[in-house]
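The values are calculated or read from the model by the stated rules, or taken from the named source; none is laboratory data. What you see is a predicted model, and the numbers here were worked out from it, not measured in a lab. Cβ coordinates were reconstructed from backbone atoms using ideal geometry, including for glycine residues, and neighbour counts include every protein chain displayed. In case anyone asks, the SASA skips ligands and DNA or RNA and just uses the protein heavy atoms, side chains included. Shrake-Rupley method; radii C 1.70, N 1.55, O 1.52, S 1.80 Å.
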Amino acid sequence: MATKKKKGNEEASRVVKGQELEVEHLTEITDVSPKQARALLRKHGADWTKLKDEAEDLKED
């Protein structure tokens, strides 16, 4: 059975299935869009202090 290989940055640009719950949580507590939440999670991972700070900055713009 053949398996798909993921290319370099393609994998990093996607949010893992389990992280979708984090996207939902971040959108609920910060009022950012799901797209913005995914970008923040890719950038900062699970550092919730940074995530919240960056989300606040996005809302101010």
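Overview of values
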item	result
Subset tally (residues that are surrounded by 13 or more Cβ atoms within 10 Å (Cβ to Cβ) and in a helix (DSSP H, G or I)) for the stretch 37-52	11
Test: residue in the stretch 24-36 that is surrounded by 13 or more Cβ atoms within 10 Å (Cβ to Cβ) and modelled with pLDDT under 90	no
Failed item in (1) at pLDDT 70 or above; (2) open to solvent by less than 70 Å² (accessible area, probe 1.4 Å); (3) β-branched (Val, Ile, Thr), with VAL15 passing the rest	(1)
Every residue from the stretch 37-61 that is of a type in the set (D, E, K, R) and modelled with pLDDT of 90 or more	ARG38, ARG42, LYS43, ASP47, LYS50, LYS52, ASP53, GLU54, GLU56, ASP57
